[in-house]
Structure formats: C-alpha cells, structure tokens
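Worksheet: the structure to be examined is printed underneath.
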C-alpha cells in the first residue's frame, strides 16, 4: 500500500513541476490561467487520494473525500473568476506572439 501512495505523490509532484515548466512556454494569459488551474486540480486530487489510502481512520477518509468534492466545486469557479476579471480589465485574448 505504501508503494501506491509513493507513486501517487511522485505523480502529483511531476504534474506540478512539468506544469510549471509548461506555463512559461505559453504566450496567452488565459491559457496560463487554465493550465495552472488544471495542474492544481490534478495534483491536489492525487495528493488527497494518497492521503485517503494512507489514513487509518474512517472519519479522516470522509473528511478528505469532502475536501475533494469541495475542490471539484471551487477550482473551476476560481479560475473562471480570474479569467473573467482579466477580460473585464481589458487584457486581449490573443496577442501578437500567438499569430
């Protein structure tokens, strides 16, 4: 069981590291925000699943499952709010580097 937990934790950190490298290659602010939200969500899910596997008590597993549900609801909303505020202050959707 510990090997599965270690694999999940290493995968989550690989998502974070490669995602951060990929963000610097993107030219558009909107794609950067979308990529950061996706990386955050996937890495958080993998870490929380690893914690559910390793937790010995049932009530901790329920709390972590509720945290996963909370992240499923709030992560898309927060990235939408960030992208909408960037659009409303006038940041262009496509830049000259994209063409």
Report yes if residue 26 is surrounded by 14 or more Cβ atoms within 10 Å (Cβ to Cβ) and out of contact with any strand residue (DSSP E or B) (no Cβ under 9 Å at 6 or more places or on another chain), otherwise no. yes
Would you pick out the residues in segment 81-99 that are assigned to a helix (DSSP H, G or I) and out of contact with any helix residue (DSSP H, G or I) (no Cβ under 9 Å at 6 or more places or on another chain)? 81, 84, 85, 88, 96, 97, 98
Name the single residue that is nearest to residue 7 (Cα to Cα) among those in segment 56-65 being more than 17 Å from the chain's Cα centre (by Cα) and in a helix (DSSP H, G or I). 61
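Checking the condition under 22 Å from residue 2 (Cβ atoms), at pLDDT 90 or above and surrounded by 15 or more Cβ atoms within 10 Å (Cβ to Cβ), which residue from 49, 83, 53, 39 passes?
One residue alone meets the criteria, 49.
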Selection from segment 17-55 of residues free of Cβ contacts under 8 Å to residues at least 40 places away in the same chain, closer than 16 Å to residue 67 by Cα and assigned to a helix (DSSP H, G or I) yields 40, 41, 42, 43, 44, 45, 46, 47, 48, 51, 52
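The values are calculated or read from the model by the stated rules, or taken from the named source; none is laboratory data. What you are looking at is a predicted structure, and each value in this text was computed from that prediction instead of being measured. Counting neighbours? That spans all protein chains shown, and the Cβs are built from the backbone with ideal geometry, glycine included.
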